[in-house]
Amino acid sequence: METSLGGAPRRMYAEPVGQHISLGMSLRTLLFLVPMIVVGVVLYVALGGNPPAAIGIGVVLAIVWGILVSGIRVAAQWEKAVVLRLGKFHRLAGPGVMYIVPFFDYARFVDMRLLALNIPSQKVITKDNVPASIDGVLFFLVADAANAVIKIQNYQFAIAQYAQASLRDVVGGLSLDELLSERQQIQEQLRSMVEDRIKDWGVHVDSIRLLDIEMPEDLKRMMSRQASAEREKRATITKAEGDMLASENLAKAAAIMRASVGALQLRTLQTIDGLGPTPSNTVVLFPVELVEVLREAAHNLAKPRPAPPAGG
């Protein structure tokens, strides 16, 4: 990603390399110049008394030798040459040095490496009528160089166009939630569709990857609010479940302590000790037994007194 002069972000794409690197030019030049220099010296010595004749013979030999040398070609390690003879397919050649007959043969070099093509941003509408812009990248390689040259005019352009059309078809049949959650399945479906269509072209699709999915800003804000509300709901449920478990455990602990007076006293001492000896803490100890005595006395006072006997 790079920032343009206006301040807006501008996406950077990988640029494809050239179709063919001319490795045979230097070899043809060498094979032409070295023999012609030797022949020129020999003609000059042999016909020293007649320089125009030596020049004429040298020119004729240079033209003939140049035509013969022009048929030398060199294919790189990753290339194959489709050779046509008088317009018909003749053979596959390369990699390395090869020779084609001048004026009769034509060689078309094909890159056999794994290639990548950018899928430009496609504006699509999902099944639930949500507009989106999607771009991606297509990875493919040439499996049969002859078919790639003979059966299709420009296989790279054709694959790119078919991938764009397939992307719109697939995304148009999905809802927005499916588009966002089933990315891997969408990529595999796209790859299968393109592979089935181009398998006769001598080209194999390695994979198709979706890069960015852009949606309207108002839809992004609504999705953000929905996600925030969902997280808040989960947090509330989790807190309620935690409070319920804590209350159940406290009830069990209280039942155990009620059955053992000593355990209740130990728990009280632990709570007091946990407060810590800091000046800000003021602890007033009140005997629990006194509370029980007062509660019993209040209960006795609340009981109705028996009426005095009659005639007393």
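Coordinate-derived values only; no laboratory data. Here the structure is a predicted model, which is why all the values come from computation and not from measurement. Positions of Cβ are backbone-derived with ideal geometry, glycine not excepted, and every protein chain shown enters the neighbour counts.
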Fill in the blank from the handout: Scalar couplings 3J(HN,Hα) for region 151-156 by Karplus 6.51 cos²θ - 1.76 cosθ + 1.60 (θ = phi - 60°), nearest whole Hz, x for Gly and Pro, are 8, 9, 5, 9, 5, 5
Handout entry: Least to most buried among 78, 201 (fewest other Cβ within 10 Å first)
Key = 78, 201
Exercise for the section: Could I have the simple spin-label model distance between residue 61 and residue 122, label points 7 Å from Cα toward Cβ, reported in nm to one decimal? Expected result: 6.3
Practice task
Please give the contour-minus-distance gain from residue 300 to residue 218: 0.36 nm per residue of separation, less the Cα-Cα distance, rounded to one decimal in nm.
Solution key: 22.3 nm
Practice task
Would you pull out the residues with amide H under 5 Å of residue 174's amide H, same chain only if 5 or more places away, H placed 1.01 Å from N?
Solution key: 127
Practice task
Please work out how much length the chain gains when fully extended from residue 236 to residue 252, using 0.36 nm per residue of separation minus the C-alpha to C-alpha distance, in nm with one decimal.
Solution key: 3.3 nm
Practice task
Just order 228-238, 89-99 by mean Cβ neighbour count inside 10 Å, highest at the front, would you?
Solution key: 89-99, 228-238
Practice task
Provide the descending list of Cα extents for region 117-163 along its principal axes, expressed in whole angstroms.
Solution key: 44, 16, 13
Handout entry: At q = 0.13, 0.16, 0.18, 0.21 Å⁻¹, base-10 log of I(q)/I(0) for region 79-160 (Debye sum, equal scatterers on each alpha carbon)
Key = -0.55, -0.70, -0.81, -0.97
Completion exercise
Neighbours of residue 90 by Cβ distance under 13 Å: Lys/Arg at +1, Asp/Glu at -1, summed charge +3
Problem - Karplus-derived 3J(HN,Hα), 6.51/-1.76/1.60, for each residue of region 94-102, Hz, glycine and proline x - result: x, x, x, 7, 9, 10, 10, 6, x
Handout entry: Dipole axis of region 115-215 (+1 Lys, Arg; -1 Asp, Glu on Cβ), positive-most option in 120, 186, 207
Key = 120
Exercise for the section: Would you mind checking which residues have amide H under 5 Å from residue 90's amide H? H placed 1.01 Å from N; only 5 or more apart, or other chain. Expected result: 83, 84, 85
Exercise for the section: With only Lys, Arg, Asp and Glu charged, each at its Cβ (+1 for the first two, -1 for the last two), find how big the charge dipole of region 115-215 is about the Cα centre; round to the nearest 20 debye. Expected result: 280
Problem - Cα-based shape type of region 115-215, given that a ≥ b ≥ c are square roots of the gyration tensor eigenvalues and the cut on a/c is 1.5 - result: prolate
